[in-house]
Amino acid sequence: MTILNILEFPDHRLRTVAKPVVEVNDAIRTLADNMLETMYDAPGIGLAATQVNIHKRVVVIDISENQDDPQLFINPEITLCEGPLHEYDEGCLSVPGFYETVTRPEVVSVKALDRDGIAFEIVAEGLLATCIQHEVDHLDGKLFVDYLSALKRTRIRKKLEKLHKENA
């Protein structure tokens, strides 16, 4: 497996809207495996293909304590958001070192394809629901910083730009 390069905010490629996967094949399964390896290495609990500059609708998630429950969502579509709104301190592998409170629905229903191209639907709540919403946002070219005030977003962007310059 291969560790992929994760794009970092404010890279404009993170704003690209991902295209649906037309066929679930070995290339998509390899992409998913590489994304899982990259996510675990980072370390993180979710990763969208957009974050590794592959603009296909593929998401991997593992919220387990021992990194032993990987989940794959190909062409995920959130079909229902319900329940009370929930505040969660979100972080992002594309916005390293920053955590901010984001308010999202506590329960979501999502339809997707699995690694064999078979359709499934789940109802997720709590951290999994938050993670699914966060990663689907990536596929739509949106980042969690978009939920923040313009002032906070600018502060984060400037700090990361400075860090990127220092590391170049």
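The values are calculated or read from the model by the stated rules, or taken from the named source; none is laboratory data. Not measured: the values here are computed from a predicted model. Note that we place each Cβ from the backbone using ideal geometry, even for glycine, and neighbour counts take in every protein chain shown. What goes into the accessible areas is simple: the full protein's heavy atoms, side chains included, and nothing from ligands, DNA or RNA. Shrake-Rupley method; radii C 1.70, N 1.55, O 1.52, S 1.80 Å.
Remarks
- Cα gyration tensor, region 77-157 - rounded (a/c under 1.5), prolate or oblate: prolate
- Sequence-ordered 3J(HN,Hα) estimates for region 21-35 from the Karplus curve with 6.51, -1.76 and 1.60 and θ = phi - 60° stand at 6, 7, 9, 7, 9, 4, 5, 5, 5, 5, 4, 4, 5, 5, 5 Hz, glycine and proline given as x.
- Proportion of all alpha-carbon pairs of the chain beyond 25 Å (%): 28
- Working note: 222 nm ellipticity from helices only, DSSP H runs with n ≥ 4, each -39,500 (n - 2.57), summed and divided by the residues of the chain, gives -9500 deg cm²/dmol to the nearest 500.
- Given charges at Cβ of Lys, Arg, Asp, Glu: the chain dipole, positive-most of GLN67, MET1, LEU93: LEU93
- The chain: most fluctuating residue of HIS134, HIS86, HIS55 per GNM, C-alpha cutoff 10 Å: HIS86
- Fraction of accessible area attributable to carbon and sulfur, the chain (%, probe 1.4 Å): 50
- Taking every alpha-carbon pair in region 118-168 and binning the separations at 5 Å intervals from zero gives 4, 16, 15, 17, 18, 12, 6, 6, 4, 0 percent.
- When the Gaussian network model of the chain links Cα atoms closer than 10 Å, the mean-square fluctuations of GLN133, GLN51, GLN67 top out at GLN67.
- Shape box of region 39-93 [Cα atoms, principal axes, largest first, Å]: 33, 27, 20
- Summed over the residues of the chain and divided among them, the accessible surface reaches 52 Å² per residue at a probe radius of 1.4 Å.
- In this structure, the amide hydrogen of HIS86, modeled 1.01 Å from its nitrogen in the peptide plane, lies closer than 5 angstrom to those of ARG104, GLU106, counting only residues at least 5 positions away or on a different chain.
- For the options LEU72, LEU127, LEU80, a Gaussian network treatment of the chain with springs between C-alpha atoms closer than 10 Å singles out LEU80 as fluctuating the most.
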